1. Select from 26, 129, 159 the residue whose mean-square fluctuation is largest in a Gaussian network model of the chain (Cα-Cα springs shorter than 10 Å).
2. Evaluate Rg over Rh across the range 102-193, taking Cα atoms for both radii and Kirkwood's formula for Rh.
3. How much of residue 12 can a 1.4 Å solvent probe reach, expressed as accessible area in Å² and rounded to 10?
4. Which of 196, 18, 74 ends up with the largest GNM mean-square fluctuation for the chain, with Cα atoms connected below 10 Å?
5. Let me know the Kirkwood hydrodynamic radius for the range 4-94, please, with Cα pairs as the basis and the value in Å to one decimal.
6. Pairs of lysines 8 or more apart, or on different chains, with alpha carbons under 24 Å: count those in the chain, would you?
7. How big is the charge dipole of the range 102-193 about its Cα centre, in debye rounded to the nearest 20, if each Lys and Arg gets +1 on its Cβ and each Asp and Glu gets -1 on its Cβ?
8. Let's see if you can work this out: charge +1 on each Lys and Arg Cβ, -1 on each Asp and Glu Cβ, no other charges. What is the dipole magnitude of the chain about its Cα centre, in debye to the nearest 20?
Amino acid sequence: MSTSSTISEDVKPGTVLTMMNVQDPDSDENGKVHCALDENVHFAMTSASNNFFTLVTESDLDREIASQYNITVTCSDEGVPSLSSSVTLTLQISDVNDNAPVFDSSSYEGYIVENNTPGLSIFTVRARDADWNQKARVSYILEDSSVNGVPVPLIALFDYEQIKDFHFRVKAQDGGSPPLSSNVIVKILIKDQNDTLLRSLPSPDWWLSGG
Ligand SMILES: [Ca+2]
Ligand SMILES: [Ca+2]
Ligand SMILES: [Ca+2]
Ligand SMILES: [Ca+2]
């Protein structure tokens, strides 16, 4: 029996990991063998026939909880005193893309003071993915992000007198195949500045004719 092997985290309970044929050349009780596992809730040892043993998974596995198990099998005969031997199997659990990215917050809200400096950072949106490597690599995609038909990334300056708030969606997508994704709504409020006094004053002509 090989002492290290790899199995995918999505195998069903009852999946056979390995089969063992345990030889004990003694006769009668001295040659009768029983095999048992050390305490390990995820695996079980079954005996198919004489001296033939099968190691199976007994529950669902989750690489995000445990990515490796050391399973010690001890076989002993019925002789008196009993003789036994042990072998330890190292089982690696390989990753399946079974987690979508999860945003740090269920929604985001921020504000921009109008007449903002273009390129200003408002806040950071972040999503984490519990899987491994490429299956946990998150890309962010802006969706439904237009204000009066203009895509948000193209708007350099915001004017409170034209728009007071807007929202868009950010999609976080992992690098799995197929990819998994999740969405979050980002709401942006534009804050007013006192910048329209001159625009709203009557023109000098008005003063002359009407005053
Ligand atoms: Ca998992
Ligand atoms: Ca993932
Ligand atoms: Ca996984
Ligand atoms: Ca204003």
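1. Ranking 26, 129, 159 by mean-square fluctuation puts 26 first.
2. Reported Rg/Rh (Cα atoms, Kirkwood Rh): 1.05.
3. Approximately 140 Å² of residue 12 is accessible to the 1.4 Å probe.
4. Looking only at 196, 18, 74, the biggest GNM fluctuation is shown by 196.
5. For the range 4-94, the Kirkwood estimate is 13.9 Å.
6. Total qualifying Lys-Lys pairs in the chain comes to 5.
7. 320 debye
8. Dipole about the Cα centre, nearest 20: 940 debye.
The values are calculated or read from the model by the stated rules, or taken from the named source; none is laboratory data. None of the values given here were measured: they were computed from a predicted structure. Methodologically, a virtual Cβ is constructed for each residue, glycine included, from the backbone with ideal geometry; neighbour enumeration extends over all protein chains shown. These area figures cover heavy atoms from the full protein model, side chains too; ligands, DNA and RNA do not enter into them. Shrake-Rupley method; radii C 1.70, N 1.55, O 1.52, S 1.80 Å.
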